[in-house]
2 protein chains.
Amino acid sequence: MQMFSQFQQSFEQYLHSRTFLYEPRGLYEPIDYIMGMGGKRLRPVLALMGYALFREDYEKALPIAMTVEVFHNFTLVHDDIMDKAPLRRGKPTVHYQYGLNAGILSGDAMLIYAYKFLQEAGSPVAIPALLQAFNQVAIEVCEGQQYDIDFEKRQDVSIPEYLKMIELKTAALIGGSLEMGAIAAGAAREDIQNLAAFGRNIGIAFQLQDDILDTFGEPEKVGKKPGGDIAQNKKTFLILKALEIAGPDTKNALAGYMASSPEKEQEKISAVTAILQELNIPALAEEVKESYQQKAFNHLQAVNTPDNRKEELRRLALSLMQRQS
Amino acid sequence: MQMFSQFQQSFEQYLHSRTFLYEPRGLYEPIDYIMGMGGKRLRPVLALMGYALFREDYEKALPIAMTVEVFHNFTLVHDDIMDKAPLRRGKPTVHYQYGLNAGILSGDAMLIYAYKFLQEAGSPVAIPALLQAFNQVAIEVCEGQQYDIDFEKRQDVSIPEYLKMIELKTAALIGGSLEMGAIAAGAAREDIQNLAAFGRNIGIAFQLQDDILDTFGEPEKVGKKPGGDIAQNKKTFLILKALEIAGPDTKNALAGYMASSPEKEQEKISAVTAILQELNIPALAEEVKESYQQKAFNHLQAVNTPDNRKEELRRLALSLMQRQS
């Protein structure tokens, strides 16, 4: 984790040097507010690590690291509006703090700034490839968000559809961060593709891990009480798998809980969790998660750089998986 | 106007060949809806004309024409949300037709698509310069929108502040459309700058013309009854100029009308229009408009291309001014 903390620190320093102290403040203050909320800075660190696999001077990748972090925060601002979320990291969300219009317009400005930082990244020769990669990822994230919204209203979401949705909404940007770091470093096309595929598959594994931990994690380690997804009737991998393999009675019981009133929350969480246990869902989910993880590591193995550099990425992926479980 | 109609037709054809028939439909249908609403297609035609000043094969500039048109329509979708506007061109606005979340998310996707079309524009060599020019314009448009929102709540907006706001919100993209056309054509830096300055100044003149016509235009020619800005208490150039030069009594009367109830709309429009006439505001506004127009034509004159090509642009600018008055 040494490299991770070093890159985290470098990125935080860079972020502080690039605060949005521009006019009009009504546009830029909300951007500083959300960018200053902190977090693991996973995506920018991945961009730096993608670069560092191929070149030493990783500071050159700081603008592209900003691209992915500003973009990620833009999605948080607009998604929080769509989800009517009042809080993020224990603080008021941007639209709660500054109003709906500020949430929309400052979010728009952040999306444009993501492209402004890209423009500073690497040599002009790398810009067309960076732009193409970023455009692709950015539109996938929007498509993933739309599928997520669509799935809330649908009762027949299949597991392949769910996996595609989390790939677009979450994993594409994890893969894209590594990919853009590698493009900025001038890596070979095949290495870029393998690294992107590593990130995309590990991103899907992360999300499956999140799904598992939300119901089955130890509260002290995860930092929240279990069952949030069940309470919100989220159709996670766990629920979709259960609906797929359950007999008709269990299926009906599950569907009943998924439509039950919020007053009986704790009862509902306990009952659904018991059904998932009974159907052996945690082990099945773990299996699928590990298959994505393995696929990810195979792609990483195929990247042509010294093993010690790749080892950092491998350890980071494993530690992020273990940290929470 | 021959070239204008030819470019308009080419662009409409290209637009039809690039409909957003992708999945998920919830994301892309609103985009097809707004892009199909029509309009003069002024900005894409300007991008094509900016290109055609320097090269014959103007079809190559169709992607960059799409960039500016998709971007312009993105701003309409998000601005309509912020303004709570129910109608555009006589049809329901995107968020009225498809809901708030669709308006936000489809707008976001349009902004990304503007960059996707840019990626297809011209040779890879031109991409970094196109990206830089577009980023600059895009962020200026957001800043202009924020100033416009801020000014609604302020009583002390100065005329230079107002001119800056319309430059950012409206004129920057007019100038940027010509500029990006010229960049895609590989024009010389000085020519690009002069063309951009032509567009920016003519864009300010357009907006001042709009301000004048909204109050003093002939309804049959303008296509709406006069006084909409006055009814909405908009602080246009006319009002700000009047507040600047009026004596204390007239100033108080004006301020009173600007805070008056919507029931007395027609009375208010007549009274404010009379004050503006009395203060000779139409002539003063015309003067300022013409100074921007003259400044614009001086920049156009300085562009190094044959006069007959520039003449088309000059005639277009003049006809757009005359068409409505």
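The values are calculated or read from the model by the stated rules, or taken from the named source; none is laboratory data. Everything numeric in this text was worked out from a predicted model, so none of it was measured. Glycine also receives a Cβ, built like all others from the backbone with ideal geometry; neighbour counts cover every protein chain displayed.
For region B:83-93, does any single residue satisfy the condition of being in a helix (DSSP H, G or I) and assigned by TED's automatic domain parsing to the domain that holds B:Leu42?
Within region B:83-93, none of the residues are in a helix (DSSP H, G or I) and assigned by TED's automatic domain parsing to the domain that holds B:Leu42.
Could you please give the count of residues in region A:177-225 that are basic (Lys, Arg) and at positive phi?
0
Please note which helices (runs of 4 or more DSSP H) are completely contained in region B:210-282 and include at least 2 residues that are within 28 Å of the chain's Cα centre (by Cα) and not hydrophobic (A, V, I, L, M, F, W, C).
Numbers: elements: B:219-222, B:228-231, B:237-245, B:248-258, B:265-278.
Because the criterion is at least 2 residues that are within 28 Å of the chain's Cα centre (by Cα) and not hydrophobic (A, V, I, L, M, F, W, C), the helices (runs of 4 or more DSSP H) in region B:210-282 that meet it are B:219-222, B:228-231, B:237-245, B:265-278.
Which residue, of A:Leu105, A:Leu100, A:Leu53, is within 14 Å of chain B (Cβ to nearest Cβ) and crowded, with 19+ Cβ neighbours inside 10 Å?
A:Leu105
For region B:130-178, name all the residues that are more than 13 Å from every other protein chain (Cβ to nearest Cβ), in contact with a Leu (Cβ under 6 Å, 6 or more places away or on another chain) and not aliphatic (A, V, I, L, M).
Correct list: B:Tyr162, B:Ser177.
Please go through region B:298-322 and pick out each residue that is surrounded by fewer than 19 Cβ atoms within 10 Å (Cβ to Cβ) and in contact (Cβ under 8 Å) with a residue 24 or more places away in the chain.
Filtering region B:298-322 down to residues surrounded by fewer than 19 Cβ atoms within 10 Å (Cβ to Cβ) leaves B:298, B:301-302, B:304-309, B:311-312, B:314-315, B:318-322.
B:Ala302, B:Asn304, B:Thr305, B:Arg309, B:Glu312, B:Arg315, B:Ser319, B:Leu320, B:Met321, listed by residue number.
Within region A:67-85, count every residue that is touching a strand residue (DSSP E or B) at 6+ places or on another chain (Cβ under 7 Å) and hydroxyl-bearing (Ser, Thr, Tyr).
Going through region A:67-85 one residue at a time, the tally reaches 0.
Of the residues that make up region B:310-322, is at least one in a helix (DSSP H, G or I), over 19 Å from B:Gly199 (Cβ atoms) and of a type outside the set (A, V, I, L, M, F, W, C)?
Within region B:310-322, none of the residues are in a helix (DSSP H, G or I), over 19 Å from B:Gly199 (Cβ atoms) and of a type outside the set (A, V, I, L, M, F, W, C).
Inside region B:218-235, can you point out the residues that are without any contact (Cβ under 8 Å) to a residue 40 or more places away in the chain and either of a type in the set (A, V, I, L, M, F, W, C) or within 15 Å of B:Met165 (Cα to Cα) (or both)?
B:Ala231, B:Lys234
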